[in-house]
Structures are given as structure tokens and as C-alpha cells.
Amino acid sequence: PQIRSFVEKLADYEVEPVEPTLVRRDGAFVVEGGTNGIRVDIPATIERVKETVNAWNQETLLVEAAAEITKPERDPELLRAVKDQLGSYSSNYASGNLGRSQSLELSARRLDGTVIYPGETISVSALMGPRTIAGGYGVAGAYIGNDVVDSVGAGICQTASTLYAAALYAELTIVERHNHSMTVNYMPAALDATIYAGNSCTSPQKDLKIRNDYGYPVYIAAYAGDGTVSFVIYGKESRPAERSVSYVSHVISEIWPTEITWTEDPGLPYGYQVRTQGAYAGVTASLTKVVSVNGTVAERTLVHTDKYKMVNEKWTVGVNQALAFDAAGNIVAAEPPSQKPPEEGQESQEGQPAQTVPDGPAAE
């Protein structure tokens, strides 16, 4: 027991291996870490101590502990091969929409520097983290069914869509991807990707999942700012130099709604009208991968065909005759109509058609 207790203390001197990491600094890749560790073989060392003690000749006692070199799980040499640009894509956003920009830029930062090892699959939703105010995400309009509703994290879908396009050009494997319910204005039809976490960002209802089927790792570089979000995917280029890929978005059909959906609001003065949501065309679109060799098309492959809902323009109309707008545009109680009886010779308005209330201001 005394020998075991003594030997087990040697574990305090063990060194854990350090996993390698790949960072991009000043436009160049640097591999950090990737060092070996040392682990003491406790049973083997105990036996060595026993053997040495049994053969002790009253001179200085020296026992060499049994130890083994432990290597990192990841091979740093694989990371050192990452140098080539495999694919990229950029899209523009309105930086004046502060809540949306906040979410878009935060989600891009969280994806920046992601390394996908051979055979590994990433969940973009999980990497983006919980979409909460406390977590740094902002509030803006997002698609919920057929409606545009203020939601925490609105804007992350443009981040996901831009990464999706870059991954296609890098020819990574798309394990899961979903199009939006309605068309978006920042990506060509059928090139978008939506994410919806539901109750958990790690078990989302809709996700973008990407797998690396190359023999070397790939590195995702992301940037969002000044109205542009960009992704560049790096790895070790193994595709022929004379070969190139492109993707063609084709709108198969587009049907615009001809009706308006009206919603009555008793909290607004009678006759006031405001547009609450624009119309969305019903669109069917396809995405085709085109492979060219020395500038000549060699292959066309249908990636997928997407359908987007047609949604009517939406307006809200006030129906409360007890409310009115004051000179400053505030909603106030309407003045009651005069009860003064008509003067002699003046006809009563009772039973006459109601006057037409002019439309109120329309809002985008």
C-alpha cells in the first residue's frame, strides 16, 4: 500500500497532450499546440519499485517510472495542409436595420474559425448558440409561417444562406438544408437556407448541416460588417485546375397574389388604414450545379427544386368610432357628435348614407 500510494503521486507530474488548433493571422494560417503528453503507467511502475527494493544493496535507490507518450487526437500535419481557397460567397444586408445586423454579425463571428475535420459534420444552428437577448442577439422581423414577426435572432438565416452557397462552391457535402417559407431578397431563389431552433439550438427543427468528405480539414472564415457578409472556405485543393463549378438559380414559375388580406383593429380609429406586410409571390425555383472543364460545360446536375408560398399583401383597418387622431398624430378619444337639433328648414341626416372616411397614411 505504501508503494502504491507513493507511485500514484507521480500522476501529479503527468502532462496532457495539447490538441492542435488552426488560426488565421494576418492572412496566413498558423498551427498552434499539437504537442505530446506524458502518462505514468502506475501498475508497471509499482512492479519496478518492488523489484528494485527486493534487490536493494543498501546503496542509493533509483527507480525509473514507466511512462508512455500520449499524442493529441488530432494530427497537426493535417492542419498544416490547409492553404487553398475552395469556395466563397458574399451577400449584402441593410446595416441600418440594427437588430437584424446585430444578429447577423454575431452569428458570423461565431462561425468564423470553424474547422471541419475529414468525415466530420457541423450543425450551424449549434455553432450559432442560443438566440437570446442575453446572448447578444437582436430583434427584427422574421418569417413565422405566412407572417413577418419580430423575433430574437432574425438575420441568422442570411448568415446560414451565405455559408450554404460557399459550401456548395467548395463542394462540401450538405447533410441538411431547408429553404424559406417565402422568398428572400438577399439570395437567388433556391440558394437560401433557413434555420429554426424551436426550443433548442442544438436540436433545432430546421438546421444547416455540412460534412467534410475531403481527406484534409477545411477552415471556415467569416466576416460581416458594413452591409456585407462573406464566407471563404479553405482546405487542400485536390480538384483539377481545369475544372470549375457554378450554380444556376432558375425560376420555373412565379405567381403574384391579386387580393389583399384585411384585419380589423378595434384599437385604431375608424377608417384608418395601414399596410402591415408586403405581398410575396408564389415561386417554384430550381438550383443546378454546372461543372465546366477548360471552359466547356461537362456536366449539369439538379441540386434541388424549392417552392415558396404566395402570400397576400396585408393591411389593417381601424374600426373604433370612439377613437380619433389629434394634431400630433396620437390616438385620443373622439369628440361626441353634436346633439343640437336641426334648425327649422334644415333636413336631418338620419337615414342618409354615412360619409366616406378617407384612408389613413400607409406604412411600409
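Among 303-313, 209-219, 35-45, 239-249, sorting by the average number of other beta carbon atoms lying within 10 angstrom of each residue, highest first, gives 209-219, 303-313, 35-45, 239-249.
So, with a 1.4 angstrom probe, what is the percent of accessible area on the chain that is carbon and sulfur? Solvent-exposed carbon and sulfur of the chain make up 50 percent of the total. Looking at segment 1-104, the chymotrypsin sites (Phe, Trp or Tyr not before Pro) that sit in a DSSP loop and have at most 12 other Cβ atoms within 10 Å of their own Cβ are TRP56. Rounded to whole numbers, the Karplus 3J(HN,Hα) couplings from phi for segment 220-229 are 9, 9, 10, 8, 9, x, 6, x, 9, 10 Hz, using 6.51 cos²θ - 1.76 cosθ + 1.60 with θ = phi - 60°, and x at Gly and Pro. Taking a point 7 angstrom from the Cα of ASN185 along the C-beta vector, which residues in segment 69-96 have backbone N less than 20 Å away? Zone members listed by number: 90-96. Modelled spin-label separation between VAL15 and TRP315, with each label point placed 7 Å from Cα along the Cα-to-Cβ direction: 7.6 nm. By its C-alpha gyration tensor, with a ≥ b ≥ c as the square roots of the eigenvalues, how is segment 47-142 shaped: rounded for a/c under 1.5, else prolate for a/b larger than b/c, else oblate? Because a/c hits 1.5 or more and a/b exceeds b/c, segment 47-142 counts as prolate. Legend: distances between Cα atoms for LYS236/LYS307; LYS209/LYS236; LYS209/LYS309; LYS71/LYS206; LYS236/LYS289; LYS83/LYS309; pairs beyond 32 Å are LYS236/LYS307; LYS71/LYS206; LYS83/LYS309.
Close amide-amide hydrogen proximity is noted between LEU86 and ILE233, TYR234, GLY235, each under 5 Å apart and 5 or more residues distant or on a separate chain (H modeled in the peptide plane; Pro and chain starts excluded).
For a straight C-alpha distance cut-off of 28 angstrom, the lysines reachable from LYS50 (same-chain residues fewer than eight places away being disregarded) are LYS9.
Going by a ≥ b ≥ c, the root eigenvalues of the Cα gyration tensor, does the chain fall in the rounded group (a/c under 1.5), the prolate group (a/b larger than b/c) or the oblate group?
Values: a/c = 4.33, a/b = 2.15, b/c = 2.01.
The shape class here is prolate.
Projecting label points 7 angstrom from Cα along Cα→Cβ for GLU73 and ILE3 puts them 3.6 nm apart.
Rolling a 1.4 Å probe over the heavy atoms of the protein chains gives segment 164-231 an accessible area of 38 Å² per residue.
Given the DSSP H assignment, sum -39500 (n - 2.57) over each helix run of at least 4 residues in the chain and divide by its residue total; what's the result at 222 nm in deg cm²/dmol, nearest 500?
About -4500 deg cm²/dmol.
If you filter segment 1-61 for GluC sites (Glu not before Pro), then keep DSSP loop positions with at most 15 other Cβ within 10 Å, what is left? Here the sparse-neighbourhood loop sites are GLU14, GLU59.
Would you work out which of ILE233, GLY129, TYR196 lies farthest towards the positive end of the dipole of the chain, given +1 charges on the beta-carbon of Lys and Arg and -1 on that of Asp and Glu, about the Cα centre? Farthest towards the positive end: ILE233.
The values are calculated or read from the model by the stated rules, or taken from the named source; none is laboratory data. Given the structure is predicted, the values throughout are model-derived calculations rather than measurements. Positions of Cβ are generated from backbone atoms using ideal geometry, with glycine treated the same way; all protein chains shown enter the neighbour counts. Note: areas computed on protein heavy atoms with side chains; ligands, DNA, RNA excluded. Shrake-Rupley method; radii C 1.70, N 1.55, O 1.52, S 1.80 Å.
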